[in-house]
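> Pasting in a structure now, in structure tokens, and then I'll have a few things to ask.
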Amino acid sequence: MKGRVFTEFFAHVEACHGADMVDDIIEAARLPHHGAYTSTGSYPFQEMVSLVTALTEATGQPLPVVLEAFGTHCFESWVGYAPQYFATSRSLFDVLEGIDQFHETEVRKLYPDAELPSFVPERRDGRTLVLGYRSCKPLAPLALGVIRGAAAHLSQPVALRCEPAEDARGPYTRIHVELLRPAG
Ligand code: HEM
């Protein structure tokens, strides 16, 4: 996982719980390098698991709640890299349908060795978009948070729901995105 994700996580924890909490979770996670991450470096995903677990233990918040809030923070921080892609005139569904291509072009320029998830559109109508989320990491709640951040940015509020799914390539998560104010 890219160091950038870890530094974002610390910024998010500091904003929500204060700088002492960042020190506390770094200590509790027993990291080999005491929490020193560089943005473009790559680090074991297990270190993120240890940090997120330490935060759930320190705050009593359930894991999905922690991950989803972090996902929304990520979107708000990342949107500045591509303001034109997230222009408020765009439809949320168009943005989400293009997210794989966005990751593979724009994000790859910044982080050539990033391990990026994939979001494959399965069904779309005026009200609902169904995306198949696949990743080598179990981060569906983080994806929900990023999508919620995008929806808020575009002023297109949504209800989100996940269900486990499987095809010939194996298990994945189906994310249902429902517009609360359908366009037109
Ligand atoms: C609605 C828009 C977006 C969605 C739904 C989304 C979703 C995600 C998710 C769920 C992950 C976690 C990794 C995984 O699941 O395997 C991720 C990773 C990442 N995304 Fe996005 N993302 C979006 C936009 C962006 C933007 C605008 C940037 C701009 C720089 C970005 C950069 C990254 C980076 C750097 C990673 C980390 C890759 C790694 O650790 O190797 N994403 N994205």
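> Taking θ = phi - 60°, what integer Hz values does the Karplus form 6.51 cos²θ - 1.76 cosθ + 1.60 yield along region 24-37, in sequence order, with x for Gly and Pro?
Karplus-based 3J(HN,Hα) across region 24-37 equals 4, 6, 4, 5, 5, 6, 6, 7, x, 10, 6, x, 8, 10 Hz.
> Share of region 1-91's accessible area from carbon and sulfur, percent, 1.4 Å? Spell out each step's value before the answer.
Working: 2650 of 4670 Å².
Carbon-and-sulfur percentage of accessible area, whole number: 57.
> Ignoring everything except DSSP H segments at least 4 long, calculate the 222 nm mean residue ellipticity for the chain; use -39,500 (n - 2.57) per segment, divide by total residues, nearest 500.
-13500 deg cm²/dmol
> Taking the chain as the reference, fit the longest principal axis to its C-alpha atoms, fit the long axis of helix 45-59 to the helix C-alpha atoms, and give the angle between the two in degrees, 0 to 90, nearest 10.
Relative to the chain, helix 45-59 is tipped by roughly 80 degrees.
> Roughly what would the spin-label model give for ARG181 and PHE45, points 7 Å off Cα along C-beta, in nm?
In this crude label model, ARG181 to PHE45 measures out at 3.7 nm.
> Now for a different question. Would you work out the charge dipole size for the chain about its Cα centre, treating the Cβ of every Lys and Arg as +1 and the Cβ of every Asp and Glu as -1, and quote it to the nearest 20 debye? Intermediate values should be presented prior to the final figure.
Values: 16 positive and 23 negative charges, 114 e Å.
Magnitude of the dipole: close to 540 debye.
> Show me, for region 141-152, the HN-Hα J-couplings you get by feeding each phi into the Karplus relation (A = 6.51, B = -1.76, C = 1.60, θ = phi - 60°), rounded to Hz, glycine and proline as x.
x, 5, 4, 4, x, 5, 5, 4, x, 5, 4, 5
> Compute the length gained on full extension between THR59 and GLN84: take 0.36 nm times their separation in residues and subtract their Cα-Cα distance, giving the result in nm to one decimal.
Numbers: separation 25, 0.36 × 25 = 9.00 nm, distance 3.67 nm.
Length gained, THR59 through GLN84: 5.3 nm.
> Another question, if that's okay. Using per-residue counts of other Cβ atoms within 10 Å, averaged over each peptide, order 135-143, 117-125 from highest down.
Values: 135-143: 17.6, 117-125: 14.9.
Taking the mean over residues of other Cβ atoms within 10 Å, the ranking is 135-143, 117-125.
> For the chain, report the accessible area per residue in Å² (1.4 Å probe, heavy atoms, rounded to an integer).
On the way: 9600 Å² over 184 residues.
Using a 1.4 Å probe on heavy atoms only, each residue of the chain averages 52 Å².
> With unit charges on the beta carbons (Lys and Arg positive, Asp and Glu negative) and the dipole taken about the Cα centre of region 99-174, which residue among ALA151, ALA168, LEU131 sits farthest to the positive side?
ALA151
> Order of 53-61, 126-134 by packing, highest average Cβ count within 10 Å first?
On the way: 53-61: 15.4, 126-134: 17.6.
Order by mean packing, descending: 126-134, 53-61.
> Can you compute the label reach from ARG134? Point 7 Å from Cα along the Cβ direction, backbone N cut-off under 14 Å, restricted to region 37-74.
Hits in region 37-74 for ARG134 at 14 Å: none.
> Using alpha carbons only, how many angstrom separate the centre of region 134-175 from the centre of region 47-73?
When both Cα centres are located, 17 Å separates them.
The values are calculated or read from the model by the stated rules, or taken from the named source; none is laboratory data. Since this is a predicted model, take the numbers as computed values, not measurements. Note that we place each Cβ from the backbone using ideal geometry, even for glycine, and neighbour counts take in every protein chain shown. Each accessible area value is taken on the protein alone, full model and side chains, heavy atoms only, with ligands, DNA and RNA left out. Shrake-Rupley method; radii C 1.70, N 1.55, O 1.52, S 1.80 Å.
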